[in-house]
Amino acid sequence: MILELDCGNSFIKWRVLRSDAVTPIEGGVVSSDGDLLVSLKDAEKFQLKKCRLVSVRTPEETDSLVAMLVNAFGVSVVRAIPTREMAGVRNGYEDFERLGLDRWLALLGGYHLAAGACLVLDFGTAITADFVAADGEHLGGFICPGMPLMRNQLRTHTRRIRYDDTAAERAHESLAPGRTTVEAVERGCLLMLRGFVLTQLELARQYWGQDFVVFLTGGDANLVSGVVPGARVVPDLVFVGLAMACPLS
Ligand SMILES: Nc1ncnc2c1ncn2[C@@H]1O[C@H](COP(=O)(O)OP(=O)(O)O)[C@@H](O)[C@H]1O
Ligand SMILES: CC(C)(COP(=O)(O)O)[C@@H](O)C(=O)NCCC(=O)O
Ligand SMILES: [K+]
C-alpha cells in the first residue's frame, strides 16, 4: 500500500492508499514525526511499500522524516519537487522554485479538477490564494497569516488577551459584535479571513467574469465555506496534485 504525506508548517496530513494508488483506506492529521509513527505503527495491516510526500519544511526536517520512514517501514520515498510546467500548468513565479510546493500541488489539482480557470484558497498556518487562468497560466497569488497565526500574535503581543481553545470554538457560533475578549478576537479574525476571501473573488471576477471554479482547502477551510456558495471544499486537494506530480509506476 501507499503512504501519502503533506507536511505543512503545523501539521502532517497522512493517508494510506490501496496498491491501486487511488482508493484511500485511512488517514489523519498529526503534529509531529513521532505521532505519525505512532499512527502508522499499529498499522502493520497497511504493509507499506511506497511513499510519496510534499513538504514545505526545511530540507533537514524533511530528510529526517524520510529517514525515519525508510527505517521504520522500508518504504521507497518519492518527494514532490518544483517544476516550471506540469499537466498544462505554468508556474507563474519569477523563480519557480520559490513557490511553496503545497501551493503548486494544490493548484495543479485545482486546474485538473476544474478543467479551466480556478482560484485556489488554502487555509493552513498561512492562508494562500493562487490564480490559474483557463489556458493553464498561473498568474501568481497572495500569502497572509492564517487563523492560528492571527490569534497567536494577539495572544503573545498583548497583555490582556488570553483565552483557551474551547472558548475560541464557542465564539465562532455567531458573527455578532463580541461581548467578551474571546468573541471579539475570534470573530474579528474570522471577518478578516472572510474579507480576504471576498477580495480574492472580486479579483477573479475581474479576470474571468463568472467563468472559474473556487477551491477551498487546508485545515481551516470550513471557517469560510459559507462565504462562497459555489466553492468546492476539497480537503485533499494537495493530494490530488501530489498524485499528478509523483506518479508511482
Ligand atoms: N484534525 C485537525 N488537526 C489539527 N488541526 C486541524 C484539524 N482540523 C482542522 N484543523 C485546523 O487546521 C489548521 C491547520 O491547517 P493545515 O492545513 O493542517 O496547516 P499546515 O498545512 O500549515 O500545517 C489549524 O489551525 C486547525 O484550526
Ligand atoms: C506559504 C506557505 C508558508 C504555506 O504553508 P502552510 O500554511 O500550508 O504550512 C508555504 O507554501 C511556503 O513556505 N511557501 C514558500 C513561499 C512562497 O510560496 O512564496
Ligand atoms: K498546507
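Could you compute the net charge surrounding A21? Neighbours are other residues with a C-beta less than 10 Å from the C-beta of A21; K and R count +1, D and E count -1. Intermediate results must be reported in sequence, preceding the final value.
Values: positive: R18, K50, R52; negative: E4, D20.
Around A21, the charge tally is +1.
Rounded, prolate or oblate: which one fits the chain, using the alpha carbon gyration tensor with axes a ≥ b ≥ c (rounded when a/c is under 1.5, else prolate when a/b beats b/c, else oblate)?
Numbers: a/c = 1.98, a/b = 1.22, b/c = 1.63.
Taking the square roots of the gyration eigenvalues as a ≥ b ≥ c, the chain is oblate.
Give the relative contact order (percent, whole number) for segment 48-185; include only Cα pairs under 8 Å separated by 6+ residues.
Numbers: 178 pairs, mean separation 20.5, N = 138.
Contact order relative to length: 15 percent.
Hey, what did the chain get for relative contact order, percent, Cα under 8 Å, at least 6 apart?
Numbers: 423 pairs, mean separation 43.5, N = 249.
It comes to 17 percent, rounded to a whole number.
What per residue convex hull volume, in Å³, comes out for segment 2-79 when only alpha-carbon positions are used? Working shown, then result.
Numbers: hull volume 6.1 nm³, N = 78.
It is 78 Å³ per residue.
Applying the Karplus parametrisation 6.51 cos²θ - 1.76 cosθ + 1.60 with θ = phi - 60° to the phi angles of segment 145-156, what ³J(HN,Hα) value in whole Hz is obtained for each residue in order, glycine and proline being reported as x?
Coupling constants for segment 145-156: x, x, 3, x, 6, 4, 5, 6, 4, 5, 5, 8 Hz.
What's the FRET efficiency of Y207 with R15 using the Cβ-Cβ distance as r and R₀ = 41 Å, to the nearest 0.05?
0.80
How much solvent-accessible surface does Y93 expose, in Å² to the nearest 10, with a 1.4 Å probe and all protein chains in place?
The accessible area of Y93 comes to roughly 70 Å².
What residues of segment 216-249 lie in the reach of a label at V70, counting those whose backbone N is under 20 Å from a point 7 Å from the Cα along Cα→Cβ?
246-249
Tell me the Rg and the Dmax, in Å, that the Cα atoms of segment 62-178 produce.
19.1, 54
Hey, what do the phi angles of segment 166-178 turn into as Karplus ³J(HN,Hα) couplings, whole Hz, using 6.51/-1.76/1.60 and θ = phi - 60°, x for Gly and Pro?
The phi angles translate into 5, 5, 4, 5, 4, 5, 7, 5, 9, 10, 5, x, x Hz.
At a probe size of 1.4 Å, how large is the accessible area of K50, to the nearest 10 Å²?
70 Å²
If the convex hull of the alpha-carbon atoms of segment 119-163 is projected onto planes in all directions, what is the mean projected area in square nanometres? Don't skip to the answer; put the middle values down first.
Numbers: hull surface 14.0 nm².
Mean projected area of the Cα convex hull: 3.5 nm².
Please compute the net charge surrounding I143, taking Lys and Arg as +1 and Asp and Glu as -1 over other residues with Cβ under 11 Å from its Cβ. Walk me through the numbers before you get to the answer.
Details: positive: R103; negative: D122, D130.
Computed value for this residue: -1.
Taking the Cβ of Y111 as the centre, find all other residues whose Cβ is under 11 Å away and add up their charges (Lys, Arg: +1; Asp, Glu: -1). Working shown, then result.
Numbers: positive: R90; negative: D130, D135, E137.
Once all neighbours under 11 Å are counted, the net charge is -2.
Each residue of segment 201-209 in order: what ³J(HN,Hα) in whole Hz does its phi give by Karplus 6.51 cos²θ - 1.76 cosθ + 1.60, θ = phi - 60°, with x for Gly and Pro?
Those phi angles translate into 4, 4, 5, 4, 5, 4, 6, 10, x Hz.
Please report the carbon-and-sulfur percent of the accessible area for segment 2-79; probe 1.4 Å, protein heavy atoms only, DNA, RNA and ligands left out.
52 percent
Taking 0.36 nm per intervening residue step and subtracting the Cα-Cα distance, what contour gain separates V22 from F96 on full extension?
Details: separation 74, 0.36 × 74 = 26.64 nm, distance 2.84 nm.
Going from the current span to full extension adds 23.8 nm.
The values are calculated or read from the model by the stated rules, or taken from the named source; none is laboratory data. It should be emphasised that the depicted structure is a prediction, and the values quoted were computed from it without experimental measurement. Because the Cβ atoms are built from the backbone with ideal geometry, glycine has one as well, and the counts that use them run over all protein chains shown. Protein only, heavy atoms only, side chains kept; ligands, DNA and RNA dropped before computing areas. Shrake-Rupley method; radii C 1.70, N 1.55, O 1.52, S 1.80 Å.
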